[in-house]
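Got a structure for you, questions after.
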Amino acid sequence: MHLIETTLLLLLAVVVSGSVARITRIALPLVQIALGAGVVLVTGEAVDLEPDIFFLLFLPPLLFLDGWRIPNEALFRDRAVILELALGLVVFTVVGLGFLLWWMIPEMPLAVAFALAAILSPTDPIAVQAIAARAPIPKRLMHILEGESLLNDATGLTCMRLAIVAASTGTFVLSHAVASFAWLALAGVAAGVGVTLLISLAKAWVSRRWGEDVGAQILISLLIPFAAYLVAEKVHASGILAAVAAGVTMSFTERGGAKGQALAVTRVRRGAVWDTVQFAANGIIFVILGEQMPSILSRAAEVVAGTSRPEVWWLAIYVFVTFAALAALRFIWVWTSLRLTLFRKRQKGPPPRVGLRLTAVMSLAGVRGAITLAGILTVPFTLDDGSPMPSRTMAIFLAAAVIIVSLIVATIALPRLLKGVELPPEPSHQREEDHGRVAAAMAALRAVEDASHTMAEGRPNPDLYSDIASRLMEIYRRRIENRTRTDEDDLEAARQADVVERELRLVGLAAERIELSKLARSKLIDETTAKRLMREIDLQELRYS
């Protein structure tokens, strides 16, 4: 019962954090950490989850959703710089920071230092979005950060896993590590792709034969990342890569045409459910971090007291040096990567200059967050021989402290640096949008005309179908006319007209909702009818907003 009450308190803290963040203008993750500390004061006890359970509960759905929702076009367009950041930077960080930690903290074994460096490598784009709310990040830059986070989560966690195995067994063979990494990666990706395809094909076959159950479809989407993760772990592959691969595969299966797509109501409700899952999972992780901080600080103080540097202020030095090293390593790699890749385009004139402001933004945007905390808590308590894992408490303390410091520094500096940052522009998709609207409207014209003739055959009032079809077809013809104008000024005027029409439609829908509420309160329409009409208005408002 105590666990249930604590869980409800955690969820309440996540709910309250959104309003507190908007009122105080403080970054959402920092608010959630503070509320987590408050939960400890109320309950007197912190959540004590088993590392494997913690890993399984939170990471698969978050990584799956990242892979599902990231724009594939943006991912492939900037694939070179994303791969350099997600793979090269992780290895660069593991080696550089790992040796630094090993040298700086004599009691920390090299394998544990590499594990800590590996888990500090992944970045958290959701935390960056929350921090940059007052100074929005350019789309292309955000897509690069999302792509990097999608891949470096898997890379960093896989490297950490290899380091933990080395720490537990006391041996490390490079050839075995390379072979293990290859198996973890390839088998993990294969598991994620295979599980998602099998489930997608099975549910599509069932839906075609017996119809689609909206609730079941949503539940299946929630279970896919856990299934992919568990299958991969069963064959000793990377469950993290399996969850990522499952999400990317899901995005491709969703574009498999009308036969492979879910119903509109399923997609709308499923999107809302997944938004809630993402908000709750990320929020709970940060709240748990706040809950853990008092005990982490006290245990770290006890651990440092038994080392060759027993003064407590050495903890602050360790945190500062670790954060500074991470920032320096990322700055060096980002500057080199941008110069070699992002601006290397075949274009007229000299390539744009790689400014220090852009490099600083990319460096500070490497905020550590949910993945780092979830990963470090999975470090086992004991070695294979049953003895305690050395420096586990110190590693958890450094990871938690670096998360908080990176959030605070980014909160202060990132919005200021984002003002006026220069980046190669995101290519405009306006012409593609216009072409898509015209092609869709022409297809609708043909379908409505054919259907009206088919439906009118043998009916007592065929003119009714013809009149209604004519009205609908006129709407589509107007859309085609607006989007096929050759004069750019006329085309822009048509687009502005669409904006005005959208705003007026929203005003009208709001008035409809108010009037329906009045009628329902006055008992002039029954409750079921009011809810059905409100649902129609909500769906229309979702379309226009």
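The values are calculated or read from the model by the stated rules, or taken from the named source; none is laboratory data. Since we're looking at a predicted model, the values are computed, not measured. All Cβ positions, even for glycine, are placed from backbone atoms using ideal geometry, and neighbour counts span all protein chains on display. Side chains included, ligands, DNA and RNA excluded: accessible areas come from the protein's heavy atoms. Shrake-Rupley method; radii C 1.70, N 1.55, O 1.52, S 1.80 Å.
Report, by residue number, each residue of segment 453-485 that is outside any loop (DSSP other than H, G, I, E, B), small (Gly, Ala, Ser) and modelled with pLDDT under 80.
Matches in segment 453-485: ALA456 only.
Say we look at segment 252-269 and pick out the residues that are open to solvent by 10 Å² or more (accessible area, probe 1.4 Å) and at pLDDT 80 or above; which of these is nearest to ASP153 (Cα to Cα)?
It comes out as PHE252.
Let me ask something else about it. Within segment 352-405, which residues are open to solvent by 10 Å² or more (accessible area, probe 1.4 Å), in contact with a Lys or Arg (Cβ under 6 Å, 6 or more places away or on another chain) and closer than 15 Å to ASP124 by Cβ?
SER363
If you don't mind, there's one more thing I want to ask. Considering only residues that are open to solvent by 20 Å² or more (accessible area, probe 1.4 Å) and closer than 20 Å to LEU110 by Cβ, look in segment 134-163 and name the one that is modelled with the highest pLDDT.
Top of the filtered list is CYS159.
So for segment 316-337 (the condition being charged (D, E, K, R), out of contact with any strand residue (DSSP E or B) (no Cβ under 7 Å at 6 or more places or on another chain) and modelled with pLDDT of 85 or more), does at least one residue qualify?
Within segment 316-337 (the criterion being charged (D, E, K, R), out of contact with any strand residue (DSSP E or B) (no Cβ under 7 Å at 6 or more places or on another chain) and modelled with pLDDT of 85 or more), the answer is yes, since at least one residue qualifies.
Only one residue in ASP48, ASP52 is modelled with pLDDT under 80 and assigned to a helix (DSSP H, G or I). Which one?
Among ASP48, ASP52, only ASP52 is modelled with pLDDT under 80 and assigned to a helix (DSSP H, G or I).
On to the next question. Those residues that are of a type in the set (A, V, I, L, M, F, W, C), open to solvent by 10 Å² or more (accessible area, probe 1.4 Å) and under 20 Å from LEU377 (Cβ atoms), I need them from segment 97-111; list them, please.
Result: ALA111, single match.
On the basis of being open to solvent by less than 10 Å² (accessible area, probe 1.4 Å), within 30 Å of LEU222 (Cα to Cα) and assigned to a helix (DSSP H, G or I), does ALA118 make the cut?
So ALA118 fits the description; yes.
List the pairs whose first member sits in segment 103-123 and is in contact (Cβ under 8 Å) with a residue 60 or more places away in the chain and farther than 15 Å from LEU87 by Cα, whose second member is open to solvent by less than 10 Å² (accessible area, probe 1.4 Å) and among the hydroxyl-bearing types (Ser, Thr, Tyr), and whose Cβ atoms are under 9 Å apart, counting only residues at least 6 apart or on separate chains?
Listed by first residue and then by second, the contacts come to MET104/TYR318; MET104/THR322; ILE105/TYR318; LEU116/THR322.
Then there is this: Taking ALA191, is it surrounded by fewer than 17 Cβ atoms within 10 Å (Cβ to Cβ) and either within 25 Å of LEU89 (Cα to Cα) or of a type in the set (A, V, I, L, M) (or both)?
no
While we're here: State yes or no: is ILE199 in contact (Cβ under 8 Å) with a residue 40 or more places away in the chain, of a type outside the set (Ser, Thr, Tyr), assigned to a helix (DSSP H, G or I) and buried (at least 19 other Cβ atoms within 10 Å of the Cβ)?
It is false that ILE199 is in contact (Cβ under 8 Å) with a residue 40 or more places away in the chain, of a type outside the set (Ser, Thr, Tyr), assigned to a helix (DSSP H, G or I) and buried (at least 19 other Cβ atoms within 10 Å of the Cβ).
A follow-up question, please. Can you tell me which of VAL244, VAL231, VAL206 is open to solvent by 50 Å² or more (accessible area, probe 1.4 Å), in contact with a helix residue (DSSP H, G or I) (Cβ under 6 Å, 6 or more places away or on another chain) and assigned to a helix (DSSP H, G or I)?
Only one candidate qualifies: VAL231.
Quick one: how many residues across segment 73-96 are within 22 Å of VAL248 (Cα to Cα), in contact with a Phe, Trp or Tyr (Cβ under 8 Å, 6 or more places away or on another chain) and buried (at least 18 other Cβ atoms within 10 Å of the Cβ)?
Number satisfying all stated conditions: 2.
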